[in-house]
Amino acid sequence: MPLLLCIELAERQAMLALARQAIQAHWSQGNAQVTHNLAHGDQKPGCFVTLRKHGELRGCIGTLEQDMPLQQSIAYFARAAAFQDPRFPPLTKDELTDCVISISLLSEREPIPAGNKEELLAAITPFTDGLWLSDGYHRATFLPAVWRELPDKHDFIQHLLRKGGWPAQGWPAQMKAWRYQSLEFSEPDGELVREWMQR
């Protein structure tokens, strides 16, 4: 059974608690390390941690190519989202109270055709697929959650191209694309925001 189908509510809640405590530990004397015993803590799926303040993005950091077990990566990316996202100033202690944390665990990537923009548009499924683009020099990804802000396929791809530094016109000859799905869950109770969807 795929890992993401095995993540029960209690473990999702433990992961969210780990993320919040890892951020709080930033202001603790000695910058204490935080640990939680996770049932799947030794697994290595792709993982992103997102912070939203009053509904607005306040930080999001993660990776599709995981080399750390979840036990470490959730704490690591929670702190990175809070203090190292280059789009935002470091989170302050007072702000954390107003932030909601969500975690996205990713499925394995599946290559999809990317010979041109039209081919890619035809291949992706809105509100289901995350998308990763790479041409060897640039790379960028959007989680499936981004569909909530960019529900139109064309807008979704255009914004992803802009994020990756590609020109609005033209299409890199070496462009490659992968899709993936995610299990997204959020505070306060660990309920699912985005279900895992198998193909």
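A few remarks follow.
Matching residues to (1) at pLDDT 95 or above; (2) of a type in the set (Gly, Ala, Ser); (3) closer than 29 Å to Met15 by Cβ:
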{"site": "Arg109", "(1), (2), (3)": "no, no, yes"}
{"site": "Gly165", "(1), (2), (3)": "no, yes, no"}
{"site": "Pro172", "(1), (2), (3)": "no, no, no"}
{"site": "Ser186", "(1), (2), (3)": "no, yes, yes"}
{"site": "Asp189", "(1), (2), (3)": "no, no, yes"}
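- Answer residue from region 43-64, given it is under 19 Å from Val146 (Cα atoms) and more than 11 Å from the chain's Cα centre (by Cα) and is surrounded by the most Cβ atoms within 10 Å (Cβ to Cβ) among those: Arg58
- Verdict on Glu119 being over 23 Å from Gly190 (Cβ atoms), of a type in the set (D, E, K, R) and at pLDDT 90 or above: yes
- Within region 86-95, the set of residues being surrounded by 12 or more Cβ atoms within 10 Å (Cβ to Cβ) and part of a helix (DSSP H, G or I) comprises Glu95 only.
- Here is the figure for region 98-155: residues that are within 22 Å of Cys60 (Cβ to Cβ), surrounded by 14 or more Cβ atoms within 10 Å (Cβ to Cβ) and not aliphatic (A, V, I, L, M) total 17.
Yes/no per residue for (1) modelled with pLDDT under 80; (2) of a type in the set (D, E, K, R):
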{"site": "Arg12", "(1), (2)": "no, yes"}
{"site": "Arg20", "(1), (2)": "no, yes"}
{"site": "Ser28", "(1), (2)": "no, no"}
{"site": "Thr35", "(1), (2)": "yes, no"}
{"site": "His54", "(1), (2)": "no, no"}
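- Residue check for Ser182: within 25 Å of Ala17 (Cβ to Cβ), surrounded by 19 or more Cβ atoms within 10 Å (Cβ to Cβ) and touching a helix residue (DSSP H, G or I) at 6+ places or on another chain (Cβ under 6 Å): yes
- Selection within region 161-173 - within 14 Å of Ala114 (Cα to Cα) and either in a helix (DSSP H, G or I) or assigned by TED's automatic domain parsing to the domain that holds Cys60 (or both): Leu161
- Taking every residue in region 71-82 that is in the same structural domain as Ile23 (by TED's automatic domain parsing) and pairing it with any residue that is basic (Lys, Arg) and part of a helix (DSSP H, G or I), at least 6 positions away or on another chain, the pairs with Cβ-Cβ distances below 8 Å are Ala78/Arg20.
- Residue satisfying condition, being modelled with pLDDT of 95 or more, within 29 Å of Ala14 (Cβ to Cβ) and either of a type in the set (A, V, I, L, M, F, W, C) or not assigned by TED's automatic domain parsing to the domain that holds Val49 (or both), within set Phe88, Phe127, Phe156: Phe88
The values are calculated or read from the model by the stated rules, or taken from the named source; none is laboratory data. Model, not experiment: these values are computed from the prediction. Cβ: placed from backbone, ideal geometry, glycine included. Neighbour counts: every protein chain shown.
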